[in-house]
Amino acid sequence: MLFRSAYQLTKKQHKQVNEHYAAILLKNGSTAIAKEILEESIISGIQTPDMEKILQEIFIGTQGSEAGFASYYSDLKTKAFGDLKAKIESELVKQKAPSFTLSDTDGKEVSLSDYQGKIVILDFWATWCGPCKASFPAMKKARNKYEKEVKILFVNSKETAKDKLQAVKDLMEENDYPFHVLMDNKNAVFESYGISLLPTKVIIGKDGNIRHRSFGFRGETELLDELDAIISILNS
């Protein structure tokens, strides 16, 4: 079977492959195996929005009703969150965050020291970067959720647009993104933080130390879960 081969070749790490393989197994009557694949994928933090729907279909088919599904699914997500926190805790670092001052899109100077005592997330991005822009709807949700306790600064670096400031403003306005964007026009902050790819998120603790780095964009669920876990750890 094509999807079984893909499932094995991707080492169970590709969420779309996992979802489609489970769906095909379910269609062919292999309900128990489909359920196991979905549960393992969700607990591992590898999830598509439709996985919950497929699991619910399996649950109703085997239990006879939807009663109890919410609790069952919540237990899976709790296990996934616990495993994710443990993984992140094992990866934590403690490096002094380089200080900087940059202008935002309104021309106001902003320094990292302005947010002393707060968790700060530096999201390095550029308008040409597809994964950066793909992550922005999720980052908007994160920004709205944690606005009072976490400062998220979107550091525009490695920008190639002829008019960098206008390109950034246009993107923010066209998509109604309420982001606080800093213009790293000379890429000085990008270099001082040792960034090698976009997007990269640098999470700085309340003590002013870099505690974690997040690279690329795997999907909204993964990003929001990761930020939830990191913020929970740093607030504990």
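Criterion first (over 26 Å from residue 223 (Cβ atoms) and either among the basic types (Lys, Arg) or not assigned by TED's automatic domain parsing to the domain that holds residue 205 (or both)) does residue 42 satisfy it? If you could, list the steps in order and put the result at the bottom.
Numbers: over 26 Å from residue 223 (Cβ atoms): no; either among the basic types (Lys, Arg) or not assigned by TED's automatic domain parsing to the domain that holds residue 205 (or both): yes.
Against the criterion (over 26 Å from residue 223 (Cβ atoms) and either among the basic types (Lys, Arg) or not assigned by TED's automatic domain parsing to the domain that holds residue 205 (or both)), residue 42 does not qualify.
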Next item on the list: Identify all residues within the range 161-171 that are surrounded by fewer than 16 Cβ atoms within 10 Å (Cβ to Cβ) and not charged (D, E, K, R); write none if there are none.
Entry: 161, 166
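Out of 41, 90, 99, report the one residue that is surrounded by fewer than 17 Cβ atoms within 10 Å (Cβ to Cβ), polar (S, T, N, Q) and closer than 21 Å to residue 214 by Cβ.
The match here is 90.
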Next item on the list: Just need a number here: residues in the range 1-34 that are surrounded by 12 or more Cβ atoms within 10 Å (Cβ to Cβ) and closer than 12 Å to residue 54 by Cα.
Entry: 11
Margin query: Cβ-Cβ under 8 Å, sequence separation 6+ or interchain: first residue in the range 75-100 and of a type in the set (Ser, Thr, Tyr), partner in a helix (DSSP H, G or I). Which pairs?
Written below: 99/112; 99/113
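Is it true that some residue in the range 159-181 is among the β-branched types (Val, Ile, Thr) and without any contact (Cβ under 8 Å) to a residue 40 or more places away in the chain?
yes
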Checklist line | Those helices (runs of 4 or more DSSP H) lying entirely in the range 151-236 with at least 3 residues closer than 20 Å to residue 111 by Cβ and in the same structural domain as residue 121 (by TED's automatic domain parsing) | finding: 188-192
Notebook entry, point to check: Name the pairs whose Cβ atoms lie under 6 Å apart, with the first residue in the range 101-128 and under 22 Å from residue 162 (Cα atoms) and of a type in the set (Gly, Ala, Ser), the second in a strand (DSSP E or B) and modelled with pLDDT of 95 or more, and 6 or more positions between them or separate chains?
Noted result: 103/109; 103/183
Notebook entry, point to check: Is at least one residue of the range 3-10 among the basic types (Lys, Arg) and modelled with pLDDT under 95?
Noted result: yes
Next item on the list: With respect to residue 85, determine if the residue is closer than 21 Å to residue 212 by Cβ, surrounded by 14 or more Cβ atoms within 10 Å (Cβ to Cβ), of a type in the set (D, E, K, R) and within 22 Å of the chain's Cα centre (by Cα).
Entry: yes
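Here is a yes/no grid of residues against (1) of a type in the set (A, V, I, L, M); (2) under 18 Å from residue 4 (Cβ atoms):
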residue	(1), (2)
23	yes, yes
30	no, yes
36	no, yes
43	yes, no
64	no, no
73	no, no
76	yes, no
98	no, no
117	no, no
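Among residues belonging to the range 36-61 that are of a type in the set (D, E, K, R) and touching a residue at least 24 places away in the same chain (Cβ under 8 Å), point out the one that is farthest from residue 18 (Cα to Cα). Write out each step before concluding.
From the range 36-61, those of a type in the set (D, E, K, R) are 36, 39-40, 50, 52-53, 57; that's our starting set.
Adding the requirement that they be touching a residue at least 24 places away in the same chain (Cβ under 8 Å) leaves 39-40, 50, 57.
Values: 39: 10, 40: 10, 50: 11, 57: 16 Å.
Filtering the range 36-61 for residues that are of a type in the set (D, E, K, R) and touching a residue at least 24 places away in the same chain (Cβ under 8 Å), the one farthest from residue 18 (Cα to Cα) comes out as 57.
The values are calculated or read from the model by the stated rules, or taken from the named source; none is laboratory data. Remember, it's a predicted structure, so these values are computed and weren't measured experimentally. Note: ideal-geometry Cβ built from the backbone for every residue, glycine included; neighbour counts use all protein chains shown.
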